[in-house]
Amino acid sequence: MEKPDITGVILAGGRSSRMGQDKGLVKVNGQPLFEHIAARLAPQVSHILISANQNQHIYAENYPVIGDVTSDYAGPLAGMLAALQASPSEWTAFVPCDVPAFPDNLLDRLWNEKGTAAIAYAEDEYRAHPTLCLLHRRVITPLSDYLNAGERKLMLFFEQQLARKVRFENSSAFANLNTPENVSHWQQLTRGSK
């Protein structure tokens, strides 16, 4: 089946406590981290939204911004629900703002290997990466019910929805930049590879 229009959502709605500032706006090689993500995501999707709960006016200079429905930083599922409700597409892809080397074939692989599942997400040989995922809008109601029941665990919800895991071999593609040290290390690596 041909890949349909997919809306891409950059998840930048967390507190970024380990980074000490809004993670998506941290400059990496002179460019905010979310722009690195957007450049990598753009060829894989039809359009891009940003899920953000702070500094929304800065993100909104480039892309439409969706805030969580709740104001309590309820985790990535809250951002996913708000984005699914706002998405113009049947399928919506999510990528966190701190994984700048995520696979450039992420969406092709998730789409082609999801089978009949309403959710597909990435994993490597070491662990799952559920915030790099593809969701169908039919999960809006069960996700809303799940969050309204006070649940927050992402993997538990995915398991309940019989999500499909898609294995990627290159675990370094999923390295995330959580701290200023991670950022400086990443900058050194990427400068060295140019």
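The values are calculated or read from the model by the stated rules, or taken from the named source; none is laboratory data. Bear in mind that the values here come from a model prediction, so they are computed numbers and not experimental data. We place every Cβ from the backbone using ideal geometry, glycine too, and count neighbours over all the protein chains shown.
Remark: pairs (first residue in the range 146-169, within 19 Å of residue 69 (Cβ to Cβ); second residue polar (S, T, N, Q) and modelled with pLDDT of 95 or more; Cβ separation under 9 Å; 6+ apart in sequence or on different chains) = 146/160; 154/131.
Which condition number does residue 114 fail, the rest of (1) among the basic types (Lys, Arg); (2) closer than 26 Å to residue 33 by Cβ; (3) over 16 Å from the mean Cα position of the chain (by Cα) being met? Every listed condition holds for residue 114 apart from (2).
Screening residue 137 against (1) out of contact with any Ser or Thr (no Cβ under 8 Å at 6 or more places or on another chain); (2) in contact (Cβ under 8 Å) with a residue 24 or more places away in the chain leaves a single unmet condition, (1). When the test is whether a residue is touching a residue at least 60 places away in the same chain (Cβ under 8 Å) and under 18 Å from residue 7 (Cβ atoms), residue 110 does not pass it.
Checking every residue in the range 177-187 against the condition of being farther than 17 Å from residue 127 by Cα, touching a Leu at 6+ places or on another chain (Cβ under 9 Å), in contact (Cβ under 8 Å) with a residue 40 or more places away in the chain and part of a loop (DSSP other than H, G, I, E, B) gives zero matches. For residue 139, state whether it is within 20 Å of residue 155 (Cβ to Cβ), under 12 Å from the mean Cα position of the chain (by Cα) and among the β-branched types (Val, Ile, Thr). The answer is no for residue 139.
Scanning the range 166-176 for residues that are surrounded by 15 or more Cβ atoms within 10 Å (Cβ to Cβ) and closer than 13 Å to residue 123 by Cβ gives 166, 168, 173, 174. Being in contact with a Gly (Cβ under 8 Å, 6 or more places away or on another chain) and part of a loop (DSSP other than H, G, I, E, B) is the filter; apply it to the range 56-74 and report the residue that is farthest from residue 5 (Cα to Cα). Per the criteria, the residue is 73. Would it be correct to say that residue 84 is hydrophobic (A, V, I, L, M, F, W, C), modelled with pLDDT of 95 or more, under 25 Å from residue 36 (Cβ atoms) and in a helix (DSSP H, G or I)? Judged against the criteria, residue 84 is a match. For the range 37-58, which residues satisfy the criterion of being more than 13 Å from the chain's Cα centre (by Cα), at pLDDT below 95 and either crowded, with 21+ Cβ neighbours inside 10 Å or of a type in the set (Gly, Ala, Ser) (or both)? Of everything in the range 37-58, just one residue is more than 13 Å from the chain's Cα centre (by Cα), at pLDDT below 95 and either crowded, with 21+ Cβ neighbours inside 10 Å or of a type in the set (Gly, Ala, Ser) (or both), namely 53.
Taken across the range 145-157, residues that are in a strand (DSSP E or B), under 23 Å from residue 82 (Cα atoms) and more than 14 Å from the chain's Cα centre (by Cα) do not occur at all.
The residue list 139, 99, 166 contains one member that is assigned to a helix (DSSP H, G or I) and out of contact with any Gly (no Cβ under 9 Å at 6 or more places or on another chain), which is 139.
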